[in-house]
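Below is one structure, written out as structure tokens; the observations come after it.
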Amino acid sequence: MNKNKIWILLLAFVLLLGGGAFLYHKLAEKAPGSQLQTLVPGGGKQESTLPVGETVTLPREPAAPVASAATAESKASSPAATEAVTASDAPEADTTAPPATRDPRLQLAPDFTFYDAEGNAFKLSDFRGAPVVLNFWASWCPPCQMEMPDFETQYKEAGEEVRFLMVNVTDNQRETVEGAAAFIEEKGYTFPVYYDTAQEGARTYQAYSIPRTFFIDAEGYLIANALGAISGAILQQGINMIR
């Protein structure tokens with residue numbers, strides 16, 4: 001093969017790569033935005049213009065699913081259906097507050113175990129008593145990276161008033177504790193980071209596409225959730241709902 005043909009092939013390869021990158025960014029710009037789905041009266045869907053998310057491959061073991069806003073609203077349309085929502089969707093009974101104070105569409109956030117970088121175990125229920133922002137993420141996920149600066153800003157502003165649980169989906173293949181911790185250190189983020197090394201949380205909360213964020217009130221009830229990267233405005237709206 002002469003040099004001219006080699007240069008022509010190299011040029012064609014470069015053009016192919018450039019065209020692929022251009023097409024990817026154009027499709028990303030047109031991708032549907034994420035939505036904040038609320039489970040309280042007067043709620044609804046607030047759209048974000050950010051990309052939806054990245055797919056996570058996990059062994060799909062049976063887990064108690066988290067009800068979506070649409071499912072809960074349809075079940076709560078009649079008194080008979082209200083009992084079905086309370087009995088089947090809530091993972092455990094809680095009678096610490098009078099039933100009249102709770103909206104029937106609300107669901108207790110399912111409990112799961114996660115770990116810090118030193119291997120210390122925590123449960124979601126350990127944080128009951130304060131509003132919680134629960135976020136599933138991975139360092140290789142571009143939409144996760146995109147929303148993290150807003151999470152850092154809100155974490156610093158909220159202080160101890162709201163607990164941020166940034167739970168890494170650690171599959172020990174695409175993501176490891178060491179790799180995720182190095183990413184956080186490199187970026188200088190200070191929000192609390194935990195690791196879902198057994199993928200218990202990802203399965204329980206159906207976080208097969210990340211990022212995914214849940215807003216949980218101080219009593220442990222799911223108030224809203226969002227699939228995909230969310231803007232700072234939507235993050236603030238979710239926080240306001242659980243304060």
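The values are calculated or read from the model by the stated rules, or taken from the named source; none is laboratory data. Predicted model, so just to flag it, every value in this text is computed and none were measured. No Cβ is skipped: glycine too gets one built from the backbone with ideal geometry, and neighbour counts run over all protein chains shown. In case anyone asks, the SASA skips ligands and DNA or RNA and just uses the protein heavy atoms, side chains included. Shrake-Rupley method; radii C 1.70, N 1.55, O 1.52, S 1.80 Å.
Here are some notes:
- Fully extending the segment from Asp116 to Gln145, taken as 0.36 nm per residue of separation minus the present Cα-Cα distance, adds 8.5 nm.
- Nonlocal amide H pairs with Tyr194, under 5 Å, H built at 1.01 Å: Met166, Val167, Asn168
- Each listed q (0.16, 0.28 Å⁻¹) maps to a log10 I(q)/I(0) for the range 180-243, found by the Debye formula over equal Cα scatterers with no solvent: -0.69, -1.23.
- Model label sites at Tyr189 and Glu157, defined 7 Å from Cα along the beta-carbon direction, differ in position by 1.8 nm.
- Phi-based couplings in Hz for the range 114-121 (Karplus 6.51, -1.76, 1.60; Gly and Pro marked x): 9, 9, 8, 5, 8, x, 6, 8
- Percent carbon-and-sulfur accessible area, the range 130-212, ignoring ligands, DNA and RNA, probe 1.4 Å: 43
- Chain lengthening between Ala182 and Ala130 when straightened (0.36 nm per residue, less Cα-Cα): 15.8 nm
- Share of Cα-Cα pairs in the range 150-210 lying beyond 16 Å, as whole percent: 50
- Phi angles of the range 207-215 translate, via the Karplus equation with coefficients 6.51, -1.76, 1.60 and θ = phi - 60°, into HN-Hα couplings of 7, 7, 10, 10, x, 9, 10, 10, 10 Hz per residue; Gly and Pro are given as x.
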